[in-house]
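Everything below concerns the one structure shown next.
The numbers here are math on the coordinates, done by the rules we state, and not lab data. All figures in this text were calculated on a predicted structure; none of them were measured in a lab. Please note: Cβ atoms are built from the backbone with ideal geometry, for glycine as well, and neighbour counts cover all protein chains shown.
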Amino acid sequence: FDLKRRAVDVIIEERDPDEVIYVGSERIAPEGVSVINPAFDVTPMKYVTAIICEDGILYKEDILNFRG
């Protein structure tokens with residue numbers, strides 16, 4: 001979590017497609033299906049209402065005030 005980082009600066013890690021093609025040893029996707037499996041993404045602030053974490057809820061207004 002970095003409030004100074006811009007979305008264009010974030011490198012999205014691409015994970016192994018098998019992580020979503022299989023559950024355990026059982027294939028759940030059809031043969032030949034194309035899969036992308038990003039490890040995380042970047043959510044623009046306009047879509048964020050709050051961030052919920054182990055210490056409580058940070059509402060959008062709190063986050064924007066924290067940014068300054």
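Brief remarks on what is shown
- Residue-averaged [θ]222 nm for the chain, counting only DSSP H segments that reach four residues, each worth -39500 (n - 2.57): -4000 deg cm²/dmol
- Radius 11 Å from Cβ of Ala39, net charge of other residues (Lys, Arg +1; Asp, Glu -1): -4
- Spatial separation of Cα centroids for segment 31-59 and segment 1-25, in angstrom: 10 Å
- Restriction of the chymotrypsin sites (Phe, Trp or Tyr not before Pro) in the chain to DSSP coil positions whose beta-carbon has at most 12 other beta-carbons within 10 angstrom yields Phe1, Phe40.
- Rg over Rh for segment 7-67 works out to 1.15, using Cα positions for both radii and the Kirkwood form for Rh.
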